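The values are calculated or read from the model by the stated rules, or taken from the named source; none is laboratory data. None of the values given here were measured: they were computed from a predicted structure. With ideal geometry, Cβ positions are generated from the backbone for all residues, glycine too; neighbour counts draw on all protein chains shown.
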């Protein structure tokens, strides 16, 4: 099968930082939206984009914490958004659209990982609901601003998509909940979302990408018990990272999503999964890198779009 999932030789790599990939780019006059742009990779993304001249809107579930974390960074505005609450998504989108502004970059960065079994909304599994359905509804509700700006939409996935495809018979894990498999399903959904959004949006000037940012110790691990992180060999009993060479810094972790949003090297491309500031290769059996075929299958992507539209009641492309 012919696929665009092949490296292009970007010149960047795993050690590149968000500042590195933006070197020489002037983003003055550009407007970005970065969900969760006040913590971890999101904060580094916001810093890098504003440093390059962009203005960044940061929707935040904890606006007070966002204001505190972003203090001293010029060109940022904070608004309230809880991705696990579709009424909150609608309210944020309505406020933004009322401003009449266009978006140049949308980076769906916020998420939760490996949390205990949690239900939101009408009983949806929290990781699928927050990481995927909330962003699905947000992008569809913001579509007028996205289309007007000819934006790039960046869906932050993870290598954890290797853990699970979409469980079509039980996407909300009514039975046999496994926090890591549920996270994997949500991350597969992030990739499939970008695949189908790119197909729908490309003729309107909008392109979409997904990516694995790398392994980074950030607040994303807040639901993982210390004992489990010790068992996985991430930290010792004092909380010290045991294998710093195996983890990226937050600035390195933010690089691929910033590159996805802004790089001229990706002009005319879309619908592909990235890692280490390049297009990823298809995954091979037993491998730990690249993108699984179940996450880039156009039929799976279309099926997920239909399900997501039914669940959220939102579809910017409905006939």
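Values as computed for the structure displayed
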{"item": "Lone unmet requirement of (1) modelled with pLDDT of 95 or more; (2) out of contact with any strand residue (DSSP E or B) (no Cβ under 9 Å at 6 or more places or on another chain) for residue 156", "result": "(2)"}
{"item": "Given (1) in contact with a strand residue (DSSP E or B) (Cβ under 9 Å, 6 or more places away or on another chain); (2) closer than 14 Å to residue 262 by Cα; (3) touching a residue at least 40 places away in the same chain (Cβ under 8 Å); (4) part of a loop (DSSP other than H, G, I, E, B), index of the condition residue 29 fails", "result": "(3)"}
{"item": "Subset of region 130-157 that is assigned to a loop (DSSP other than H, G, I, E, B) and at negative phi - its residue that is surrounded by the most Cβ atoms within 10 Å (Cβ to Cβ)", "result": "157"}
{"item": "Residue under evaluation residue 71, criteria (1) touching a residue at least 24 places away in the same chain (Cβ under 8 Å); (2) over 30 Å from residue 306 (Cβ atoms), criterion not met", "result": "(1)"}
{"item": "Within region 249-313, helices (runs of 4 or more DSSP H) holding 3 or more residues that are modelled with pLDDT of 95 or more and surrounded by fewer than 23 Cβ atoms within 10 Å (Cβ to Cβ)", "result": "298-312"}
{"item": "Only listed residue being over 15 Å from residue 71 (Cα atoms), crowded, with 18+ Cβ neighbours inside 10 Å and within 20 Å of the chain's Cα centre (by Cα), chosen from 54, 14", "result": "54"}
{"item": "Failed item, numbered, when residue 77 is tested on (1) under 19 Å from residue 258 (Cα atoms); (2) part of a loop (DSSP other than H, G, I, E, B); (3) over 19 Å from the mean Cα position of the chain (by Cα)", "result": "(2)"}
